[in-house]
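Visitor: Next up is a structure, given as structure tokens.
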Amino acid sequence: MTQTLTPDVKRRLYHGMLLVRRTEERIQANYHLREMRSPPHLYMGHEAAAAGVCATLRGDDMVFPYYRSHGWYLAKGGDLGAMMAELFGRATGCSRGWGGSMHLIDVAAGVYGTSAIVGGTVSHAAGVALTFQMRGGDSVAVVSFGDGATEEGVFHETLNFASLRKLPLLFVCENNLYATNTHIRDRQAQTEIWRHAERYGIPGRRLDGNDVVAVWHAAAEAVARARRGEGPSLLELETYRYFEHCGINEDLDLGYRTAEELSAWRARDPLASGRRLVSDGEAKEMEAEIAARIDRAFEQARSAPWPTADFQEAAR
Ligand SMILES: Cc1ncc(C[n+]2csc(CCOP(=O)(O)OP(=O)(O)O)c2C)c(N)n1
Ligand SMILES: [Mg+2]
């Protein structure tokens, strides 16, 4: 069954993006206090990808994000308090304070764990998709990864296996043009990532990853196909990261990208265009509700206990 873009879905799309943006802005503003010691890979600029895809998913669907993880964790409904406690390194964190920003997990919400290893979650998602298929339900697994991850062998192996077994799996490539500080044209002989899908007999599409409604439509179609048992799809979402590869700062001084390029992408900000999805009153209400949730999450993280030094106990 295909989904309809109801007012409720529109609210979910904007709310998903806003929650990620405001949470990361607060992380950025507070980072100098040195309470958070986990280096964050900020998602700002990419919000439409996670919010657009996650709005098509059910609670029992599982997402496998990569280390640029905050967006997917929050958009899929991961617990904000447990995420902030994790960034503060506290025992109440979602990885009990041992993992930090790159290791977010909330199985109850359908976030099956993020990984610092480039391409690391691609095969994990296929494993869970295979489990879903063998159990005979219609749940779907979704994996997100960067353009850099498509240079890893595991990406190609998993495309092949997923196609062969018609797995209920959605591959979401967030192409932000760079792997750390190297442009895709200096790394890949063939830069149309979506075309890899064609080679493995999978439907592949490239689209504006900053247009949350376009992302939602494309994901809804791919998810419906996976639920029907027709197999995987690949979406290449064109987007851009606003801040340095890892950390809270601007990085134009490094010289690998230009101020013009950054401002051209900022002019295509996913939240600015997504704002029309809700009324002024709704947007105001969301801002207040999200600010209160973030306040609470930071306060609780600050006063939470430190993890035990005994890793065995922490892992239990
Ligand atoms: C297997 C592996 N190789 C290399 C690294 C080092 N590394 C960390 S992030 C990164 C860039 C990946 O870029 P991309 O996949 O495009 O994601 P983005 O950071 O742009 O969102 C690299 C090479 C790693 N973490 N894991
Ligand atoms: Mg990239």
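Every read-out reported here was derived from the displayed coordinates using simple, explicitly stated rules and does not represent laboratory data. Predicted model, so just to flag it, every value in this text is computed and none were measured. Heads up, the Cβs are rebuilt from the backbone with ideal geometry, glycines too, and the neighbour counts pull from every protein chain shown.
Visitor: Test SER144 against the stated conditions and say whether it is hydroxyl-bearing (Ser, Thr, Tyr) and more than 16 Å from ligand 2 (Cβ to nearest atom). First the steps, then the outcome.
Guide: On the way: hydroxyl-bearing (Ser, Thr, Tyr): yes; more than 16 Å from ligand 2 (Cβ to nearest atom): no.
No: the conditions fail for SER144.
Visitor: Can you tell me which residue in the range 22-53 is nearest to ASP251 (Cα to Cα), limited to those that are touching a Leu at 6+ places or on another chain (Cβ under 6 Å) and surrounded by fewer than 24 Cβ atoms within 10 Å (Cβ to Cβ)?
Guide: Here the answer is GLU24.
Visitor: Among the listed residues ALA116, ALA91, ALA108, ALA75, which satisfies the condition of being away from ligand 2 (no atom under 16 Å from the Cβ), free of Cβ contacts under 8 Å to residues at least 60 places away in the same chain and surrounded by fewer than 23 Cβ atoms within 10 Å (Cβ to Cβ)? Walk me through it before giving the result.
Guide: Values: ALA116 fails: away from ligand 2 (no atom under 16 Å from the Cβ); ALA91 fails: free of Cβ contacts under 8 Å to residues at least 60 places away in the same chain; ALA75 fails: surrounded by fewer than 23 Cβ atoms within 10 Å (Cβ to Cβ).
Sole residue among the options that is away from ligand 2 (no atom under 16 Å from the Cβ), free of Cβ contacts under 8 Å to residues at least 60 places away in the same chain and surrounded by fewer than 23 Cβ atoms within 10 Å (Cβ to Cβ): ALA108.
Visitor: Quick check on the range 22-44. Is at least one of its residues closer than 24 Å to VAL172 by Cβ, polar (S, T, N, Q) and within 16 Å of ligand 2 (Cβ to nearest atom)?
Guide: No - not one qualifying residue is present in the range 22-44.
Okay, residues lined up against (1) of a type in the set (Phe, Trp, Tyr); (2) more than 16 Å from ligand 2 (Cβ to nearest atom):
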residue	(1), (2)
GLU174	no, no
ALA179	no, no
THR182	no, no
ARG185	no, no
TRP194	yes, no
ALA197	no, yes
GLY201	no, yes
ASP211	no, yes
GLU221	no, yes
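Visitor: Go through (1) away from ligand 2 (no atom under 16 Å from the Cβ); (2) under 28 Å from ALA55 (Cβ atoms); (3) of a type outside the set (Val, Ile, Thr); (4) part of a helix (DSSP H, G or I) for GLY229 and report which single condition fails.
Guide: Result: GLY229 passes all but (4).
Visitor: Report, by residue number, each residue of the range 237-280 that is of a type in the set (D, E, K, R), away from ligand 1 (no atom under 14 Å from the Cβ) and closer than 21 Å to ILE27 by Cβ. Working first, answer last.
Guide: Taking the range 237-280 first, the residues of a type in the set (D, E, K, R) are 238, 241, 244, 250-251, 253, 257, 260-261, 266, 268-269, 275-276, 280.
Subsequent filtering for residues that are away from ligand 1 (no atom under 14 Å from the Cβ) retains 250, 253, 260-261, 266, 268-269, 275-276, 280.
Residues satisfying the conditions are GLU250, ARG266, ASP269.
Visitor: Related question: Of the conditions (1) away from ligand 2 (no atom under 16 Å from the Cβ); (2) of a type outside the set (Phe, Trp, Tyr); (3) assigned to a loop (DSSP other than H, G, I, E, B), LEU18 fails just one. Which one is it?
Guide: For LEU18, the failing item is (3).
Visitor: Still on this structure, please answer the following. Can you spot a residue in the range 263-276 that is touching a residue at least 12 places away in the same chain (Cβ under 8 Å), exposed (fewer than 12 other Cβ atoms within 10 Å of the Cβ) and farther than 30 Å from CYS94 by Cβ?
Guide: Residues of the range 263-276 touching a residue at least 12 places away in the same chain (Cβ under 8 Å): 265-266, 268-271, 273-275.
Filter again for exposed (fewer than 12 other Cβ atoms within 10 Å of the Cβ), leaving none.
No, there is no match, as no residue in the range 263-276 is touching a residue at least 12 places away in the same chain (Cβ under 8 Å), exposed (fewer than 12 other Cβ atoms within 10 Å of the Cβ) and farther than 30 Å from CYS94 by Cβ.
Visitor: Test THR150 against the criterion of being within 15 Å of ligand 1 (Cβ to nearest atom), without any contact (Cβ under 8 Å) to a residue 40 or more places away in the chain, surrounded by 19 or more Cβ atoms within 10 Å (Cβ to Cβ) and part of a helix (DSSP H, G or I), and give yes or no. Can you show your working first?
Guide: Numbers: within 15 Å of ligand 1 (Cβ to nearest atom): yes; without any contact (Cβ under 8 Å) to a residue 40 or more places away in the chain: no; surrounded by 19 or more Cβ atoms within 10 Å (Cβ to Cβ): yes; part of a helix (DSSP H, G or I): yes.
Considered against the rule, which asks whether it is within 15 Å of ligand 1 (Cβ to nearest atom), without any contact (Cβ under 8 Å) to a residue 40 or more places away in the chain, surrounded by 19 or more Cβ atoms within 10 Å (Cβ to Cβ) and part of a helix (DSSP H, G or I), THR150 comes out as no.
Visitor: Now a separate question. Please go through (1) within 12 Å of ligand 1 (Cβ to nearest atom); (2) within 21 Å of ILE117 (Cβ to Cβ); (3) surrounded by fewer than 16 Cβ atoms within 10 Å (Cβ to Cβ) for ASN160 and return the number of the only condition it doesn't satisfy.
Guide: Going through (1) within 12 Å of ligand 1 (Cβ to nearest atom); (2) within 21 Å of ILE117 (Cβ to Cβ); (3) surrounded by fewer than 16 Cβ atoms within 10 Å (Cβ to Cβ) one by one, ASN160 breaks only (1).
Visitor: Could you list, in sequence order, all residues of the range 163-185 that are out of contact with any helix residue (DSSP H, G or I) (no Cβ under 8 Å at 6 or more places or on another chain), over 19 Å from ASP251 (Cα atoms) and either free of Cβ contacts under 8 Å to residues at least 60 places away in the same chain or among the aromatic types (Phe, Trp, Tyr) (or both)?
Guide: LEU164, ARG185
Visitor: Sticking with this one: Determine, yes or no, whether GLY281 is at negative phi and crowded, with 17+ Cβ neighbours inside 10 Å.
Guide: Details: at negative phi: yes; crowded, with 17+ Cβ neighbours inside 10 Å: no.
So GLY281 fails the test.
Visitor: How many residues are aliphatic (A, V, I, L, M) and in a helix (DSSP H, G or I) if we restrict to the range 40-70?
Guide: Within the range 40-70, the first condition is being aliphatic (A, V, I, L, M), and the residues that meet it are 42, 44, 48-51, 53, 55, 57, 62-63.
Checking the rest, the ones that are also in a helix (DSSP H, G or I) come to 48-51, 53.
The total comes to 5.
Visitor: Additional query: I need the full set of residues from the range 14-62 which are in contact (Cβ under 8 Å) with a residue 40 or more places away in the chain and at positive phi, in order please.
Guide: Within the range 14-62, just GLY45 meets the criteria.
Visitor: State the number of residues belonging to the range 177-229 that are over 23 Å from ARG276 (Cα atoms), crowded, with 21+ Cβ neighbours inside 10 Å and within 13 Å of ligand 1 (Cβ to nearest atom).
Guide: 1
Visitor: Please go through the range 162-180 and pick out each residue that is within 23 Å of ARG227 (Cβ to Cβ) and in a loop (DSSP other than H, G, I, E, B).
Guide: ARG165, LYS166, LEU167, PRO168
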